[in-house]
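Asks: Next up is a structure, given as structure tokens.
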Amino acid sequence: MTFTPEFSLSTIEQIAVNAQDIDRAVAFYRDKLGMKHLFSVPPSLAFFDCDGVRLMLSLPPKPEFDHESSIIYFKVSDIQGAYATLAERGVQFEEAPNLCGRHG
């Protein structure tokens, strides 16, 4: 196994939180908590700004992901290189990374 010592994760780009009802969750985060609502992608996604860290509310994409937990997305300059390095280090992935959208 080859380790790449110069690679590390540090900057959090996005945190995902499961929601059962996106409209209700948006109303809570926006109207009750006063968070800045960036945009929504109906019917299953909504994004908020947390001082530069994006919060993504989403419906669980698969039943096995329907649990109380958060997903942390780290910002990397080369996602395929990061994936390869982490895999070499023994990190197990459910699937390879893929582009689902660009956010400036």
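Asks: Would you confirm whether any residue within the range 45-62 is modelled with pLDDT under 85 and within 23 Å of Arg102 (Cβ to Cβ)?
Replies: Checked against the condition, which is being modelled with pLDDT under 85 and within 23 Å of Arg102 (Cβ to Cβ), the range 45-62 yields at least one hit.
Asks: Mind listing whichever residues of the range 83-104 are of a type outside the set (A, V, I, L, M, F, W, C) and either closer than 21 Å to Glu6 by Cβ or assigned to a helix (DSSP H, G or I) (or both)? Spell out how you get there, then give the answer.
Replies: Here is the first cut: in the range 83-104, the residues of a type outside the set (A, V, I, L, M, F, W, C) are 83, 85, 88-90, 92, 94-95, 97-98, 101-104.
Residues satisfying the conditions are Tyr83, Thr85, Glu88, Arg89, Gly90, Pro97.
To keep it simple, each residue is scored yes or no on (1) under 22 Å from Glu95 (Cα atoms); (2) under 13 Å from the mean Cα position of the chain (by Cα); (3) assigned to a loop (DSSP other than H, G, I, E, B).
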residue: Leu9; (1), (2), (3): yes, no, yes
residue: Glu13; (1), (2), (3): yes, yes, no
residue: Arg30; (1), (2), (3): no, no, no
residue: Leu38; (1), (2), (3): no, no, no
residue: Pro43; (1), (2), (3): no, no, yes
residue: Tyr73; (1), (2), (3): yes, yes, no
residue: Gly81; (1), (2), (3): yes, no, no
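Asks: Okay, next question. Out of everything in the range 15-28 that is buried (at least 17 other Cβ atoms within 10 Å of the Cβ) and part of a strand (DSSP E or B), what residue ends up being nearest to the chain's Cα centre (by Cα)? Spell out the reasoning first.
Replies: Taking the range 15-28 and keeping what is buried (at least 17 other Cβ atoms within 10 Å of the Cβ), we get 16, 18-19, 22, 25-26.
Subset that is part of a strand (DSSP E or B): 16, 18.
Numbers: Ala16: 4, Asn18: 11 Å.
Selected residue: Ala16.
Asks: Counting only residues that are among the charged types (D, E, K, R) and part of a loop (DSSP other than H, G, I, E, B), how many does the range 45-71 have?
Replies: Start the filter on the range 45-71 by keeping residues that are among the charged types (D, E, K, R), which leaves 49, 51, 54, 62, 64, 66, 68.
Next, only the ones that are part of a loop (DSSP other than H, G, I, E, B) stay: 51, 62, 66, 68.
The number of residues fulfilling the criteria is 4.
Here is a yes/no grid of residues against (1) in contact (Cβ under 8 Å) with a residue 60 or more places away in the chain; (2) surrounded by 10 or more Cβ atoms within 10 Å (Cβ to Cβ); (3) closer than 23 Å to Leu9 by Cβ; (4) not aliphatic (A, V, I, L, M):
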{"site": "Arg30", "(1), (2), (3), (4)": "no, yes, no, yes"}
{"site": "Gly34", "(1), (2), (3), (4)": "no, no, no, yes"}
{"site": "Pro42", "(1), (2), (3), (4)": "no, no, no, yes"}
{"site": "Gly52", "(1), (2), (3), (4)": "no, no, yes, yes"}
{"site": "Pro60", "(1), (2), (3), (4)": "no, yes, no, yes"}
{"site": "Ala87", "(1), (2), (3), (4)": "no, yes, yes, no"}
{"site": "Pro97", "(1), (2), (3), (4)": "no, yes, yes, yes"}
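Asks: Being of a type in the set (Gly, Ala, Ser) and without any contact (Cβ under 8 Å) to a residue 40 or more places away in the chain is the filter; apply it to the range 11-28 and report the residue that is farthest from Asp78 (Cα to Cα).
Replies: From the range 11-28, those of a type in the set (Gly, Ala, Ser) are 16, 19, 25, 27; that's our starting set.
Narrowing further to those that are without any contact (Cβ under 8 Å) to a residue 40 or more places away in the chain: 25, 27.
Working: Ala25: 32, Ala27: 35 Å.
The residue in question is Ala27.
Asks: With the structure loaded, tell me whether Gly81 is of a type outside the set (Phe, Trp, Tyr) and either surrounded by 13 or more Cβ atoms within 10 Å (Cβ to Cβ) or at positive phi (or both) or whether it fails that test.
Replies: No; evaluated as a whole, the condition is false for this residue.
The values are calculated or read from the model by the stated rules, or taken from the named source; none is laboratory data. The structure presented is a predicted model; accordingly, all values stated were derived computationally and were not measured. Note: ideal-geometry Cβ built from the backbone for every residue, glycine included; neighbour counts use all protein chains shown.
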